[in-house]
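As structure tokens, the structure follows; a few thoughts come after it.
The values are calculated or read from the model by the stated rules, or taken from the named source; none is laboratory data. Predicted model only: the values in this text are computed from it and were never measured. Backbone-built Cβ (ideal geometry, glycine too); neighbour counts: all protein chains shown. SASA here: full protein model, heavy atoms, side chains in, ligands and nucleic acids out. Shrake-Rupley method; radii C 1.70, N 1.55, O 1.52, S 1.80 Å.
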Amino acid sequence: MRHRYGSKGAVAVLGFLIVVSLLVLPAFSSAQDTTLVAKKVAAGPALDGKLDATWQQAAPLTVKVSGGKNLPGGATEVSLRALYDAEKVYFLAQWKVPAKGERRAPFQKQADGTWKQLKDPTDEGGDDNVYYEDKLALIWAIKAPTFEKSGCFAGCHLGETKAFGNKYLPAGETGDIWHWKSIRTGSVNQIDDQYLDDTKYDKEKAPEAGRKSDPKTGGGYADNKLVNGKPQWARKANAPAPPYFILDSEKEAFDDSKYKAGDEVPGILVAPFTGDRGEIPAVATFADGTWTLEWSRKLVTGSQYDVQFDDLKKKYAFGVAVFANAQVRHAFHPGARFLTFGE
């Protein structure tokens, strides 16, 4: 979860606001319920992206997030619920957005027959807020005492040669990132399993600083590219978008004769992750301006890159961020939230 702002002045202002929030908002946060209690069930729900009767057993935790792009007043609320059985923990999240973000960097056929990839005209590099996708991200403390106290702010470092800053934790600390991306991973019913460590930014050696992905054995997403001025790949039967993704298993060679001016071709190819990075199945639905995302994960995975829910008497710190058709300008909250396991 990274912040991006268009100028050094804006970065300075945001930095000041974050400092103020760290000093002032803890009192506000402490007045709110900050704990999500997972309800024990004999068997977890089938993942279908619906708030069905099984979920009514779980008390919701509302997390207010603000400071995001493309949201009314920059804010929205995330309602979280959790269940668990002997093997897995299950989550359901709901949040509202003004419009469904799905038109991620498509290619569009122009009136003169050429093809153009659509991008945010104000994007200075890595900050598209027009042609992107909706996302939800959670960070969990693995070994991160600073994160447990201040939440995601423990990993936010504005500036440092990037207008949007960098993400890394203090020395020796690690976190688990669960990053749902509606087009790139939601299309194959997964959450991208990543992690955060203490690697500082280095232009050549560590351009992503502490943000890294769990190992994978296959699958993932890759950009569709222009080859000789035309998209390299097309959807099955060369059907135009939407949807705004191409399943790698169904991709076809691009046939320009199948498209008219104004038609669009997805800018991304997708396939399910296999291996450590693909161990969080997730199903989402969108209706009446609300996303409902349902997912599960084993309580204990054994991976060094994952938070292990191996002590059901312990509380686990996490943070939440909402990206409303935004590449990096997400809505966030001060402080940490906590997961506990009830009866």
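Couple of notes before you dig in:
- Taking a ≥ b ≥ c as the square roots of the eigenvalues of the Cα gyration tensor, an a/c ratio of 1.5 or more together with a/b larger than b/c marks region 243-339 as prolate.
- 222 nm mean residue ellipticity, helices alone, for the chain (DSSP H n ≥ 4; -39,500 (n - 2.57); rounded to 500): -2500 deg cm²/dmol
- Unit charges at the beta carbon, dipole of region 175-257: most positive-side option, 195, 183, 220: 183
- Virtual spin-label span in nm between residue 312 and residue 236, 7 Å along Cα→Cβ: 4.1
- Shape category assigned to region 217-296 from the gyration tensor of Cα positions, a/c cut at 1.5: oblate
- DSSP beta bridges in the chain [antiparallel fraction, %, rounded to 5]: 90
- Taking all protein chains together and a 1.4 Å probe, the residues 254, 273 rank 254, 273 from largest to smallest accessible area.
- When +1 charges are put on Lys and Arg Cβ atoms and -1 charges on Asp and Glu Cβ atoms, the dipole computed for the chain relative to its Cα centre reaches about 440 debye.
- Cα-based shape type of region 56-129, given that a ≥ b ≥ c are square roots of the gyration tensor eigenvalues and the cut on a/c is 1.5: prolate
- Here the extension length gained between residue 208 and residue 41 equals 56.2 nm, from 0.36 nm per residue of separation less the Cα-Cα distance.
- Only protein atoms count toward the accessible area here, which uses a 1.4 Å probe; on region 209-343, the carbon and sulfur part of that area reaches 50 percent.
- Taken along the Cα-to-beta-carbon direction at a fixed 7 Å, the label points for residue 261 and residue 288 span 4.1 nm.
- Listed candidates (i) 42, 25, 20; (ii) 33, 25, 19; (iii) 41, 21, 16 - label of the one calculated as semi-axes √(5λ) of the Cα gyration tensor in Å: (ii)
- The gain in end-to-end length when the residue 249 to residue 340 segment is fully stretched comes to 28.8 nm, 0.36 nm per residue minus the alpha carbon separation.
- Contact order for region 97-221, expressed relative to its length and based on alpha carbon pairs under 8 Å spaced 6+ residues apart, stands at 19 percent.
- Whole-number accessible area per residue in Å² for the chain, which is evaluated in the context of all protein chains at 1.4 Å: 44
- Positive-end ranking of 299, 317, 89 along the dipole of the chain, with charges on Cβ about the Cα centre, is headed by 317.
- Split the accessible area of region 96-192 by element, probe 1.4 Å, and carbon with sulfur accounts for 51%.
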